[in-house]
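To start, the structure under review is shown below, and the notes come after it.
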Amino acid sequence: MDKLVIKGQNRLKGEVIISGAKNAAVAIIPAAIMADDVCIIENLPYIEDVKCLFATLNKLGAKCEYIDKHTLRIDSRNLENVSVTFEEVRKMRASYYLLGALLARFKSAEVAMPGGCNFGTRPIDLHLSGFASLGAEVEMKGEVVKVSAQSLKGASIYMDTVSVGATINIMLAASMAEGVTTIENAAREPHVVDAANFLNMMGANIKGAGTDVIRITGVEKLHGAQYTIIPDQIEAGTYMIAAAVTKGDVVVKNIIPTHMDSLSAKLLEIGVGVEEGDDYIRVFYDDKEYKGVNVRTMAYPGFPTDMQPQMAVLLSVCKGKSVITENVWDKRYQYTDELKRLGAKINVEGRMAIIEGVESLTGTDVDATDLRAGAAMILAGLCARGETVVGEVKYIDRGYEEVENKFGLLGADIKRVSM
Ligand code: EPZ
């Protein structure tokens, strides 16, 4: 089991190249099997979740091969298996996209209920009610979800809650339904737009992705496509906060700056230097004392919930009081116990975390409790006095490519040890 050993207080300096977006990749790879054809997906992050989907597609009968570390060739011409109940699939949440993709092409699918980060209940009722609206039969068989339909018919669907996964999954199924589907109160995240763009490259007819009303006109068949994934908004934000919390000077490259607007605004409010270019953002210590601010997570374009733990680390060493309100997940504060062991003054009351800034954190042994909490533990170790050992690195490897190498290139004293 790997651990990361970090000696804190090096100011990070230099440039970091952001990888492709995990949450776009885990939707686009399943979408590729909707075509009885070959797809080439570029700029994929070389992370565990993508490797997991790679293995699953091959088990399904697709011929999936790495052209290079960041490019997959997916040949779905011989794919006919619609049952995905493998152990791998239970490790990640995005396995649910296989339901929408297989239902679209084969009008039938059986997928093990998703695993993934555990921060409270993570239902998929909106996915399943969306499939039912399109005419599918939905059956729960223990931990396995089974969906099937004689045919899929377009429908008007209003999402009770803004849901990234349900929006994308319904978009997948509706792409090959008869007639028009509208999704109202749709999620607007960049990875929703990326999935829609990929489907349109395959011959789908999707309009309005990125707004809260998406209109899908179903087509008979989809064809193969070559597509480049967008950069990862959350990886980029993690490195932006790393530059801020170590009082360094880092150029975060190969990003789409507008995706970072909510974080850039918060960093400026705290007193961090932020300069925007066309495909990079420079984050630097601007000789100002960092002051505490309030953060409310919400669906895009609001402040991303996936940046909440990382932001809590920065706020822990800002002067004064900060309040975080987590509006998306009902239990996304497990990491605060670990943060308190590093000396943070943070109190959780329901959806709110109240933080009293401290001079600095002090290194100790901590564990990643989930993917973004793990990223937060790294940021805490980078700014803490002394040594921090981060355990359960497997969570971090699900969503961050070569994390110790990227931080090492920025001057962090960080090394991976296998225990
Ligand atoms: C996606 O999860 C991301 N994962 C999550 O990122 C992210 O936290 C989340 O969107 C919100 O942005 C992937 O894209 C693989 P949701 P998802 O459906 O789609 C409720 C990371 O760190 N809901 O947008 O599962 C749900 O309980 C991960 O990369 C229902 O009630 O999230 C939550 O309160 C962690 N019923 C809210 O909607 C449903 O059927 C938003 O969830 C679905 C969701």
- Item | Unique match (being more than 16 Å from the ligand (Cβ to nearest atom), among the polar types (S, T, N, Q) and closer than 20 Å to ASN23 by Cα) among ASN200, ASN205, ASN185, ASN169 | ASN200
- List the pairs whose first member sits in the stretch 383-400 and is outside the structural domain of ARG11 (by TED's automatic domain parsing) and within 16 Å of the ligand (Cβ to nearest atom), whose second member is of a type in the set (Val, Ile, Thr) and in a loop (DSSP other than H, G, I, E, B), and whose Cβ atoms are under 7 Å apart, counting only residues at least 6 apart or on separate chains? none
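Yes/no per residue for (1) surrounded by 15 or more Cβ atoms within 10 Å (Cβ to Cβ); (2) of a type outside the set (Val, Ile, Thr); (3) touching a strand residue (DSSP E or B) at 6+ places or on another chain (Cβ under 9 Å):
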{"site": "TYR158", "(1), (2), (3)": "no, yes, yes"}
{"site": "SER163", "(1), (2), (3)": "yes, yes, no"}
{"site": "ASN185", "(1), (2), (3)": "yes, yes, yes"}
{"site": "ALA204", "(1), (2), (3)": "yes, yes, yes"}
- Enumeration of residues in the stretch 143-155 that are open to solvent by 40 Å² or more (accessible area, probe 1.4 Å) and under 27 Å from the mean Cα position of the chain (by Cα): GLU143, LYS146
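The values are calculated or read from the model by the stated rules, or taken from the named source; none is laboratory data. Bear in mind that the values here come from a model prediction, so they are computed numbers and not experimental data. Note that each Cβ is placed from the backbone with ideal geometry, even for glycine, and that neighbours are counted across all protein chains shown. Remember, those area values only see protein heavy atoms, side chains included, never the ligands or the DNA or RNA. Shrake-Rupley method; radii C 1.70, N 1.55, O 1.52, S 1.80 Å.
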